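S.K.: Right, I'll just put the structure down here and ask away after.
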Amino acid sequence: MIVATVVFDNGRTRLDCVIRNLSEGGAKLEFATVRGIPQAFDLLVPGHRPQHCRVAWRALKELGVQFTPSA
């Protein structure tokens, strides 16, 4: 289990998540709820550089994200 943090709103909002599946191009993230999470955000994983993400799909408590170049 990999615990990570989603950061958005210019760094003012942080939400913990669990990475359930990880690949070179994206990940499946699990949250208590996906409500209020925007279409793009940064993913912070301890020991790694921040990764910019775009939401590819949503479920009740999961997001599928695609890794994208930082803007």
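S.K.: Can you tell me how many residues within the range 18-29 are without any contact (Cβ under 8 Å) to a residue 40 or more places away in the chain and closer than 13 Å to CYS53 by Cβ?
M.R.: 5
S.K.: Also, quick follow-up: State yes or no: is PHE8 touching a His at 6+ places or on another chain (Cβ under 9 Å) and surrounded by 16 or more Cβ atoms within 10 Å (Cβ to Cβ)?
M.R.: No; evaluated as a whole, the condition is false for this residue.
S.K.: Select from the range 17-71 the residues that are aromatic (Phe, Trp, Tyr) and outside any loop (DSSP other than H, G, I, E, B) and write down the one among them that is farthest from THR5 (Cα to Cα).
M.R.: If we take residues in the range 17-71 being aromatic (Phe, Trp, Tyr) and outside any loop (DSSP other than H, G, I, E, B), then TRP57 is farthest from THR5 (Cα to Cα).
Matching residues to (1) of a type in the set (Lys, Arg); (2) touching a Ser or Thr at 6+ places or on another chain (Cβ under 8 Å); (3) exposed (fewer than 13 other Cβ atoms within 10 Å of the Cβ):
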{"site": "ASN21", "(1), (2), (3)": "no, no, yes"}
{"site": "ALA27", "(1), (2), (3)": "no, no, no"}
{"site": "CYS53", "(1), (2), (3)": "no, yes, no"}
{"site": "GLY64", "(1), (2), (3)": "no, no, no"}
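S.K.: Next question, about the same structure. Which one is modelled with the lowest pLDDT among residues in the range 2-38 that are on the phi < 0 side of the Ramachandran plot and among the charged types (D, E, K, R)?
M.R.: GLU24
The values are calculated or read from the model by the stated rules, or taken from the named source; none is laboratory data. No experiment lies behind these values; they were computed from the predicted model shown. Cβ atoms come from the backbone with ideal geometry, glycine included; neighbour counts cover every protein chain shown.
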